[in-house]
Amino acid sequence: MNDISLVRPSMRWLWLILLWPLLLQAAEPLPSWQEGTSRHAIVEFVQAVTTESSKDFVPPAERIAVFDNDGTLWSEQPLYFQMMFALEEVKRLAPQHPEWQQQQPFKAVLDNDHKTLASSGMEGLMKIIDATHTEISTQAFLANVRAWLAKAVHPKTHKPYTEMIYQPMLELLAYLRANGFKTYIVSGGEVEFMRAWTEEVYGVPPEQVIGTTFTGEYQYNAGKPVIMRLPKLAHYDDGPGKPVSIEGVIGRRPILAFGNSDGDQQMLQWTASGDGKRFMGLVHHTDAQREWAYDRESKIGKLDKALDEARAQNWTVVDMAKEWRKIYPFDSAAP
């Protein structure tokens, strides 16, 4: 009785109407991408490097794709989400540190004094990061991040931060993996902060997440071994640091790289300089209505020199407003 041919004609039409969107999505990759230049370039590239008879064929072991995270896979405004976590951690930990009531930049955080906090600059930022990210075991830090993500919401959308991810990029990650690619995140964000949630949200396991790292130290604590996070940077994974970490961790040059800012420029250059067919892409934030519009003058996710090089080298620049039917999974699709 499960044979659809035995169903009344009117019911068969109903089944077709209900299943048509799913059938269409299965037949057409990247359904949240508008038909246009960027989508065509992606599909053409994937078909070229995965078709055995193609002159551009790449064996599966060499199909390495790398993605920045902030501004490329999820939003980064009005402040990097990792920094949002750090500020909330200062407030959570404040009862254990009464000295913070008079000590900057912690006092500014507790008083919501954004002007003083901004004036503390990189030195103040690193004090906040050290206080909330180090002198703690890796497992305890992962638990802190997950506890924050479970209750924190974005100040504009009031959605969980793990829902502020780009639906078109989720589809791209899935499309690449379905075609034999191994997908990595290569971000300026702290590596364990991302590893706390990337597998669940993006399908990217911890061993394929590369980021800024603190020095770790093996210790034996209360009868158990732990890795303690020390307040000393081991590697800053931004700009030229990205190719260095790709070479050190992956050991293969990617054939596809996606970013959104000048901090990704060297990663795209590194990818472009390899042999054979290559794909370099930038997400250009042009949608002030559904997300944010920013590039050359932004203090967060500045896109200036990389945009010029992308246009000069004919890299793919994705116009978010024009080329994405929807931004987030919770959005309704544009016509």
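The values are calculated or read from the model by the stated rules, or taken from the named source; none is laboratory data. Quick caveat, the model's predicted, so the values are computed rather than measured. We place every Cβ from the backbone using ideal geometry, glycine too, and count neighbours over all the protein chains shown. What goes into the accessible areas is simple: the full protein's heavy atoms, side chains included, and nothing from ligands, DNA or RNA. Shrake-Rupley method; radii C 1.70, N 1.55, O 1.52, S 1.80 Å.
Here are a few things to note about the model shown:
- G301 vs. criteria touching a residue at least 40 places away in the same chain (Cβ under 8 Å) and on the phi > 0 side of the Ramachandran plot: yes
- Scanning the range 138-176 for residues that are open to solvent by 40 Å² or more (accessible area, probe 1.4 Å) and among the acidic types (D, E) gives a single hit, E163.
- As a summary of the residue check, Q77 satisfies the conditions (1) touching a helix residue (DSSP H, G or I) at 6+ places or on another chain (Cβ under 9 Å); (2) within 30 Å of F181 (Cβ to Cβ); (3) in a loop (DSSP other than H, G, I, E, B); (4) touching a residue at least 24 places away in the same chain (Cβ under 8 Å) except for the one numbered (1).
- Enumeration of residues in the range 38-59 that are of a type in the set (V, I, T) and not in a loop (DSSP other than H, G, I, E, B): I42, V43, V46, V49, T50
- Within the range 52-103, considering residues that are of a type in the set (S, T, Y) and buried (at least 21 other Cβ atoms within 10 Å of the Cβ), the one nearest to R146 (Cα to Cα): S75
- Entry remark, the range 132-145: residues being in contact (Cβ under 8 Å) with a residue 12 or more places away in the chain, within 24 Å of T162 (Cβ to Cβ) and not β-branched (V, I, T) number 6 in total.
- Only one of the listed residues (K115, K107, K127) is in contact (Cβ under 8 Å) with a residue 12 or more places away in the chain and open to solvent by 40 Å² or more (accessible area, probe 1.4 Å). That residue is K127.
- Test result for E135, closer than 30 Å to P329 by Cβ and either within 19 Å of the chain's Cα centre (by Cα) or open to solvent by 40 Å² or more (accessible area, probe 1.4 Å) (or both): no
- Among helices (runs of 4 or more DSSP H) entirely within the range 118-212, having at least 1 residues that are among the hydroxyl-bearing types (S, T, Y) and at pLDDT 95 or above singles out 121-133, 138-151, 167-178, 198-202.
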